[in-house]
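The values are calculated or read from the model by the stated rules, or taken from the named source; none is laboratory data. The shown structure was predicted, so the numbers you read here are calculated from the model rather than taken from an experiment. Here Cβ is always computed from backbone atoms with ideal geometry, including for glycine, and neighbour counts include all displayed protein chains. Each accessible area value is taken on the protein alone, full model and side chains, heavy atoms only, with ligands, DNA and RNA left out. Shrake-Rupley method; radii C 1.70, N 1.55, O 1.52, S 1.80 Å.
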Amino acid sequence: MTDTSVTTTSTQATPVPATIATLKQHEGQTVVLHGWLYNLRASGKLLFPIFRDGSGTVQGIMPKAAVTPEVWETTKHLTQESSVIVTGRVRADQRAPGGYELDVENVEVVQRVPEEQPYPITPKEHGVDFLMEHRHLWIRSPRQSAILRIRAEIIKAARDYLDDNGFVLTDPPILTPAACEGTSTLFPVDYFGDEAFLTQSGQLYIESTALALGKVYSFGPTFRAEKSKTRRHLTEFWMVEPELAYAGLDDLMALAENFLSFIVGRVLERRMPDLKVLERDAAKLELIRAPFPRLRYDEAVAMLNEAHAKGLLEHPFEYGNDFGSPDETYISSQFDRPVMVHRYPAAVKAFYMEPDPDDPKYALCVDVLAPEGYGEIIGGSQRIASYDLLKQRIEDHHLPLDAFQWYLDLRRYGSVPHSGFGMGIERAVAWICGLEHVRETIPFARTLNRIYP
Ligand code: 4AD
Ligand code: MG
């Protein structure tokens with residue numbers, strides 16, 4: 001019997017699975033992408049579909065002659081956000097935003113978005129309310145995806161910095177019996193008939209883990225029943241909090257500037273394509289290197305008074321207040337690096353802050369204000385080490401002494417000077433990404449007026 005089967009050697013290699021972010025490694029190869037149709041333009045016998053796959057977007061080119069009539073017809077009438085598996089050859093193109101284009105050979109539709117119910121977010125402009133109402137879909141847009149990738153990088157950088165510098169991650173509880181940052185912003189929950197609260201900060205708990213382990217940090221969700229409708233306030237946000245035993249305010253400021261410089265450097269190193277999508281001026285971020293300028297509260301107030309006298313600030317600043325958003329914006333816009341404002345009057349700050357031994361009217365605290373008008377991204381302080389003084393402060397602030405007995409124990413048993421700060425992830429993301437509002441910095445923002453979706 002003669003063997004009639006014919007063996008053909010294909011010149012075409014089997015397509016390799018790839019992602020859009022890594023197309024550079026596949027120049028000249030035929031790849032398979034798993035994604036969605038972002039946009040489609042047709043021009044005679046040419047189709048220009050833009051695909052996205054979560055790692056980026058790429059423009060495809062599909063000449064009618066290059067594909068089967070079925071693939072041509074299907075693609076030509078494909079609807080936005082239909083899910084597709086695309087095969088195509090990677091070609092370098094200087095003009096393409098990502099540097100590469102795809103010569104499309106095949107499009108397999110996984111789910112076609114029906115025409116009668118089209119994807120609600122079209123590439124045209126939509127209002128912010130509409131977009132927030134469709135946040136579960138809005139995050140698919142190239143801009144929003146870029147922000148979320150940068151957010152992930154910032155979180156990873158923060159963790160890497162602390163992990164690699166001897167800090168032990170210790171997770172504080174979310175359900176707590178008492179306030180940490182003032183009683184006016186507590187979210188109450190019913191705890192089997194008792195009143196408990198969602199945490200405002202892990203600080204009190206990581207003070208205890210710092211006295212156990214030396215250098216620690218926490219990273220978790222934080223809740224503030226903020227009635228503020230500013231572009232900087234969320235009711236639920238994420239905070240990273242380092243805490244160090246045997247450390248004072250100067251150690252804390254040194255940590256803050258190194259920590260922030262590291263994070264910004266990491267984003268520049270790894271997420272440049274995303275910064276480009278956001279049209280972020282990277283040159284401004286290149287300037288972020290320790291040391292940062294340091295300013296006493298009193299010096300900052302002098303700056304505000306001068307600005308008011310020159311008509312640059314509408315309202316005069318009342319000495320002894322905490323800075324409002326316009327004040328912070330003004331101060332931080334005076335520097336090209338984050339500015340560390342320290343030694344606020346103790347009266348405007350939290351009960352646990354150590355008074356300055358040089359003048360107890362001031363607290364050994366620091367707020368780091370991001371440049372370009374972004375305002376406070378870090379707040380921290382040295383903590384009161386004396387049992388008697390701390391007890392006095394708890395009473396002065398009308399806080400329930402019983403709920404703080406364990407916290408006072410930290411001053412009964414081997415009390416030491418210790419310090420820590422908290423950085424709000426969303427504020428850091430807003431600044432590094434150059435965004436106008438924190439609502440875009442977290443997948444699902446929780447604000448005074450929004451808890452859907
Ligand atoms: O300045 P805060 O209130 O400090 C604390 O909670 C300290 N217990 C932290 C510590 O010392 N371990 O908050 C710290 C940071 C702020 O600088 C800001 O970045 C962020 O948390 N933050 C908010 N972010 C978004 N929305 C809000 N409502 C925020 N409140 C604070
Ligand atoms: Mg603060």
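Available extension along the chain between HIS315 and GLU125 is 64.9 nm, counting 0.36 nm per residue and deducting the alpha carbon span.
Working from label points 7 Å from Cα in the Cα-to-Cβ sense, the ALA152 to LEU408 distance is 4.8 nm. If r is the Cβ-Cβ distance from ASP190 to TYR387 and R0 is 51 Å, what FRET efficiency results, to the nearest 0.05? It comes to 0.95.
For the pair LYS227 and GLU116, label points projected 7 Å from Cα toward Cβ lie 4.9 nm apart.
Applying 1/(1 + (r/R0)^6) with R0 = 41 Å to the Cβ-Cβ distance of ASP298 and ARG140, what FRET efficiency is obtained, to the nearest 0.05?
Details: r = 49 Å, r/R0 = 1.19.
After rounding to 0.05, the efficiency reads 0.25.
Here ASN258 and GLU306 are evaluated by their C-beta separation; at R0 = 30 Å the FRET efficiency comes out at 0.45.
In this structure the chain gives 49 Å² per residue of accessible area when probed at 1.4 Å with all protein chains present.
With both labels modelled 7 Å from their Cα along Cα-to-Cβ, the SER325 to VAL416 distance reads 4.1 nm. What is the distance in Å between the Cα centroid of the range 170-200 and that of the range 104-118? About 48 Å separates the Cα centre of the range 170-200 from the one of the range 104-118. Short-range pairs are left out: with C-alpha atoms under 8 Å and at least six residues apart, the relative contact order of the chain is 13 percent.
Report the gain in length on full extension from THR22 to ASN165: 0.36 nm times residue separation, minus Cα-Cα distance, nm rounded to one decimal. It would help to have the intermediate numbers written out before the result.
Working: separation 143, 0.36 × 143 = 51.48 nm, distance 3.13 nm.
Computed gain between THR22 and ASN165 is 48.4 nm.
Cα centroids of the range 343-402 and the range 66-101: 58 Å apart.
Rounded to the nearest 20, the Cβ-based charge dipole of the chain about its Cα centre (Lys and Arg +1, Asp and Glu -1) stands at 1260 debye. Amide H to amide H distances under 5 Å link VAL168 with LYS215, VAL216, TYR217, where only residues 5 or more positions off or on other chains count and H is placed in the peptide plane. Any idea which of ILE432, VAL277, GLY44 is furthest toward the positive side of the dipole for the chain, if Lys and Arg beta-carbons carry +1 and Asp and Glu beta-carbons -1? Positive-end residue among those listed: GLY44. Look at the Cα gyration tensor of the range 297-453: its axes a ≥ b ≥ c give a/c of at least 1.5 with a/b at or below b/c, and that counts as oblate.
For GLN29, nonlocal amide neighbours, meaning residues 5 or more places apart or on other chains whose placed amide H falls under 5 Å from its own, are VAL90. Within the range 385-436, the GluC sites (Glu not before Pro) that combine a DSSP coil assignment with at most 12 other C-beta atoms in a 10 angstrom radius are GLU436. The HN-Hα couplings worked out from phi for the range 234-242 by the Karplus form 6.51 cos²θ - 1.76 cosθ + 1.60 (θ = phi - 60°) are 10, 8, 10, 8, 10, 10, 10, 10, x Hz, whole numbers, x standing for Gly and Pro. Taking Cα centre as origin and charging only the Cβ of basic (Lys, Arg, +1) and acidic (Asp, Glu, -1) residues, the dipole magnitude of the range 330-453 rounds to 240 debye. Listed values for the range 172-181 are Karplus-derived 3J(HN,Hα) couplings in whole Hz (6.51 cos²θ - 1.76 cosθ + 1.60, θ = phi - 60°), namely x, x, 8, 8, 10, x, 8, 7, 10, 10, and x replaces Gly and Pro. Among beta bridges identified by DSSP and lying wholly in the range 1-142, the antiparallel ones come to about 85 percent. A P(r) calculated from all alpha carbon pairs of the range 78-207, with 5 Å bins opening at zero, reads 2, 7, 9, 9, 11, 13, 12, 9, 8, 9, 6, 3, 1, 0 percent. Projecting the Cα atoms of GLN144, VAL58, GLN80 onto the charge dipole of the range 42-168 (Cβ charges, centred on the Cα centre) puts VAL58 farthest toward the positive pole.
In terms of overall dimensions, the chain has a Cα radius of gyration and Dmax of 27.3, 105 angstrom.
A full extension of the chain between ASN449 and SER333 corresponds to an added length of 38.8 nm, given 0.36 nm per residue minus the alpha carbon distance.
Could you tell me the relative contact order of the range 145-262? Use alpha-carbon pairs under 8 Å, at least six residues apart, and round to a whole percent. If you can, show how the numbers build up before the last one.
Details: 164 pairs, mean separation 29.1, N = 118.
With pairs under 8 Å counted, the relative contact order is 25 percent.
Database remark: amide H of PHE317 closer than 5 angstrom to no amide H (H placed geometrically; neighbours at sequence offset of 5 or more, or on other chains; Pro and chain starts carry no H).
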